[in-house]
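As structure tokens, the structure follows; a few thoughts come after it.
The values are calculated or read from the model by the stated rules, or taken from the named source; none is laboratory data. It should be emphasised that the depicted structure is a prediction, and the values quoted were computed from it without experimental measurement. All Cβ positions, even for glycine, are placed from backbone atoms using ideal geometry, and neighbour counts span all protein chains on display. For accessibility, only protein heavy atoms count, side chains too; no ligands or nucleic acids. Shrake-Rupley method; radii C 1.70, N 1.55, O 1.52, S 1.80 Å.
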Amino acid sequence: MSQLITIERHILEQQKNFPEATGELTDLLSDVAFAAKLVRREVVRAGLVDILGFAGSTNVQGEEVKKLDLFANDKIINAIGQHGRFAIMGSEENEGIIIPPKNETGSYALLFDPLDGSSNIDVNVSVGTIFSIYRIKSSDPGNASISDCLQKGSEQVAAGYVIYGSSVVMVYTTGHGVHGFTYDPTIGEFLLSHENITTPGSGKYYSINEGSYAQFNDGTKRYLDYIKEEDPATGRPYSTRYIGSLVADFHRNLLTGGVFVYPPTTKHPSGKLRLMYEANPLAFICEQAGGRATDGHRRILDIDPSELHQRTPLYIGSMADVKVAEEFEQGIR
């Protein structure tokens, strides 16, 4: 690129397109970027400090909590909550809502997965942070409640993720395109590296945990058989790429094209991924990049949530690929 553009500068430049903007959302995204730098600092030296392994407790999902999960969760809450820009927060690691220390003036809700894919951290596989921002419905930020968090994904004002891999990349959208920034540790800044990301209309990769094949319904099994068939006209067979870290799988498919499928199973008939912390923010990003995201029957962003930790199946990625997967799920094929 001919010039270096920091994430703060990019957000401010985007703000100029909206004369009515107050700059508040710019500050919110800057807070998230700062929190990501703190998490990144620990992730990259995970093998050098005592943060690997289990913390000896379980989260609300009944899953064992990693030490780095707790660290990331605390850092995000503390780094973001102290400025009073968010009236309320929700984390995948906390059972209930989180009221920041200063919530007298904040008019937004932040929902986040502090460290997606953390089970991979011990083996040096990419992990990530996912976040979602909503404007609260309550007129008084001091009275913000869980209802301010339980909004449809279509009501998000911003969403994004940070992937901690061979480089650290932050991707975000405010509903006007998708932009990616790569962290330069020599200057401590996220620099614009992927402007106006557009996902391919179809791809060559499919991402699914085939180890759960016996638990899949007939539609999913037939879809897997279909996608492995030899058919040059439709680009089949597809190549399987499954990391087991949602952010990493999604990021690859967003850039190169493909489909990520986490279907219902006999063990998890309502799906396993979290609607508010994972599916909604990634669906918002995917649609802004020209892709598609559904639960196999409904658009993810149209689902009216009833629980903070609600689960959902997820079919997300290139438009054409997701549509084919849906047709098998719905029995059309």
Let me spell it out: the conditions are (1) in contact with an Asp or Glu (Cβ under 7 Å, 6 or more places away or on another chain); (2) touching a residue at least 60 places away in the same chain (Cβ under 8 Å), and S91 meets all of them except one. Which number is the exception? (1)
Quick check on this structure: which one of S245, S306 is surrounded by fewer than 18 Cβ atoms within 10 Å (Cβ to Cβ), among the small types (G, A, S) and at negative phi? S306
Filter result (open to solvent by less than 10 Å² (accessible area, probe 1.4 Å) and assigned to a loop (DSSP other than H, G, I, E, B)) within the stretch 100-152: P100, G106, C149, Q151
Could you tell me whether the stretch 314-332 includes any residue that is assigned to a loop (DSSP other than H, G, I, E, B), at pLDDT 95 or above, of a type in the set (A, V, I, L, M, F, W, C) and closer than 30 Å to G90 by Cβ? no
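Are any of the residues in the stretch 209-220 under 18 Å from S126 (Cβ atoms) and not in a helix (DSSP H, G or I)?
Within the stretch 209-220, one or more residues are under 18 Å from S126 (Cβ atoms) and not in a helix (DSSP H, G or I).
Going by the structure shown, is T198 modelled with pLDDT of 95 or more, surrounded by fewer than 17 Cβ atoms within 10 Å (Cβ to Cβ) and not in a strand (DSSP E or B)?
Working: modelled with pLDDT of 95 or more: yes; surrounded by fewer than 17 Cβ atoms within 10 Å (Cβ to Cβ): yes; not in a strand (DSSP E or B): yes.
Yes, satisfied.
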Taking the stretch 186-224 as the region of interest, how many residues are outside the structural domain of G258 (by the TED database) and free of Cβ contacts under 8 Å to residues at least 12 places away in the same chain? 2
Please determine, by comparing only the residues of the stretch 254-274 that are in a helix (DSSP H, G or I) and open to solvent by 20 Å² or more (accessible area, probe 1.4 Å), which one is farthest from F328 (Cα to Cα). L255
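Filter the stretch 275-297 for residues that are of a type in the set (S, T, N, Q) and open to solvent by 20 Å² or more (accessible area, probe 1.4 Å) and give the result.
Of the residues in the stretch 275-297, the ones of a type in the set (S, T, N, Q) are 280, 288, 294.
Correct list: Q288 only.
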Filtering the stretch 218-238 down to residues that are touching a strand residue (DSSP E or B) at 6+ places or on another chain (Cβ under 9 Å) and open to solvent by less than 50 Å² (accessible area, probe 1.4 Å) yields T220, Y223, L224, Y226, I227, Y238
Pairs please, first residue from the stretch 275-290 and over 11 Å from K152 (Cα atoms) and free of Cβ contacts under 8 Å to residues at least 60 places away in the same chain, second anywhere and among the basic types (K, R) and surrounded by fewer than 24 Cβ atoms within 10 Å (Cβ to Cβ), Cβ atoms under 9 Å, 6+ apart in sequence or on different chains. E287/R299
